[in-house]
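The values are calculated or read from the model by the stated rules, or taken from the named source; none is laboratory data. This one's a predicted model, so the numbers in the text were calculated from it and none came from an experiment. Backbone-built Cβ (ideal geometry, glycine too); neighbour counts: all protein chains shown. Note: accessible area is taken over every heavy atom of the protein model, side chains too, but ligands, DNA and RNA are not part of it. Shrake-Rupley method; radii C 1.70, N 1.55, O 1.52, S 1.80 Å.
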Amino acid sequence: MPAGPGAYRRAETLLRRGELVALPTETVYGLAALASDDSAVAEIYQAKGRPSHNPLIVHILTPEKAKDLADVSPLAQSLMDRFWPGALTLVLPKKLSIDLSSVGSAGLETIAIRCPVAPWVEGFRSLGFDGPLVMPSANLSGHISPTTAQHVFEDLGDRIKLIIDGGPCAGGVESTVISIDGDRASLLRPGAIAAEALAPFISNLSFADEKSSPIAPGMLESHYAPRARVRLNAIHKAEGEAFLGFGVSHIKADINLSETESLEEAANRLYACLRSLDSLGKAVIAIAPIPMTGLGVAINDRLKRAAAPK
Ligand code: TXA
Ligand code: MG
């Protein structure tokens, strides 16, 4: 259903009733459920085939709501002031008595919170509905994240009643996830807000070691995966491979992420390009090297997981 007041009314009715709705955000499309409804949250895991140890992000519709759910340190507050609403998810110590389902928290004492940018946020608020919503990316677990309503339909069309079509997402990769403990910050997932943009606000950002880290249980090794095998940092195209290029080169790419070497454009097109290349039916998708700066860090993170053994 196209985005607009009618769609927001229908979505609100369904969500309040405990049903799932797919919603566009500035990063990727999300699969939303009312965060206070145990069975709706359980339904999210069911629909995506998501392992129960992978916790969900709670999406709030006004930044002030964070204080009701979590302990907000001065560092957390300064990041909220600067980056919310926006593509930054903060993992914070959870308040003890909050009216949210524990089904999406994977038994953790922390809570991941984000305040997204999307027209439905205002739409819901004007209906007197302020969530909060749990909202993972609206793809089957382990598959490529969706950046259009069509992508959501391909993965989950038979399992959900409503997809709000807000056109292609502006960002294209998921939010950056940072865990905050007092004045310490740790990067759990590189994402749409690059570390360079965060640096002026965080004096010492550490990088979570995902192998030993139980704090980001959802960062599964294989993720964002197409059906085809993925070969990274390819500098030639082998017989029978599909090739995803970046910048201008002598290799004839099937698709180019960005001929002008724009990492913003590459992030924006990444998931749609992987889906299109996968539909060519080749056994291997070879991918040109992408620089490890700015959004390139998030792009390389997703590609590494797309290439991991399934
Ligand atoms: O951009 C986004 O963040 C999108 C849109 C729809 O908002 N959502 C999204 O959700 O990417 P999902 O479920 O695909 O990824 C959530 C990530 C997972 O890696 C999960 O492990 C982590 O956030 N996470 C959630 N709660 C956490 C917690 N309490 N501690 C550590 N990591 C957490
Ligand atoms: Mg996801």
Distance between the C-alpha centers of the range 263-306 and the range 157-173? Whole Å please.
20
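If Lys and Arg each add +1 and Asp and Glu each add -1, what is the summed charge of the other residues whose beta carbon sits under 15 Å from the beta carbon of Ile299? Could you put the intermediate results ahead of the total?
Numbers: positive: Arg189, Arg269, Arg302, Lys304, Arg305; negative: Glu174, Glu196, Glu261, Glu264, Glu265, Asp301.
Residues close to Ile299 contribute a combined charge of -1.
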Starting from the residue with the highest accessible area, list Thr62, Thr260, Thr89 in decreasing order, probe 1.4 Å.
Thr260, Thr62, Thr89
At a 1.4 Å probe radius, carbon and sulfur cover how many percent of the accessible area of the range 1-96?
53
With everything on Cα atoms, drop me the angle between helix 296-307 and the longest principal axis of the chain, reported from 0 to 90° to the nearest 10.
80
Carbon + sulfur, % of accessible area of the range 172-310 - ligands and nucleic acids excluded, 1.4 Å:
56
Rank these by accessible area, largest first, 1.4 Å probe: Met135, Met292, Met1.
Met292, Met1, Met135
Have a look at Gly30, Gly296, Gly157 and tell me which one the Gaussian network model of the chain (Cα, springs below 10 Å) gives the largest fluctuation.
Gly157
Cα Rg, Dmax, the chain, angstrom units
19.0, 60
For the range 114-262, with only Lys/Arg (+1) and Asp/Glu (-1) charged at the beta-carbon, what is the dipole magnitude about the Cα centre, in debye rounded to 20?
200
Determine the per residue accessible area of the chain with all protein chains present and a 1.4 angstrom probe, expressed in square angstrom.
43
What lysines could a cross-link reach from Lys65, if we take a straight Cα to Cα line under 16 Å and drop same-chain neighbours fewer than 8 places away?
Lys94, Lys95
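Could you give the size of the charge dipole of the chain about its Cα centre, using +1 on the Cβ of each K and R and -1 on the Cβ of each D and E, expressed in debye and rounded to the nearest 20?
Numbers: 30 positive and 34 negative charges, 115 e Å.
Value, rounded to 20: 560 debye.
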On the accessible surface of the range 106-148, probed at 1.4 Å with all protein chains in place, carbon and sulfur together account for a percent value of 54
Which of Gly182, Ser249, Ser97 sits farthest toward the positive end of the charge dipole of the chain, with +1 on the Cβ of Lys and Arg and -1 on the Cβ of Asp and Glu?
Ser249
What are the trypsin sites (Lys or Arg not before Pro) within the range 7-67 that DSSP puts in a loop, where the Cβ has at most 14 other Cβ atoms within 10 Å?
Arg17
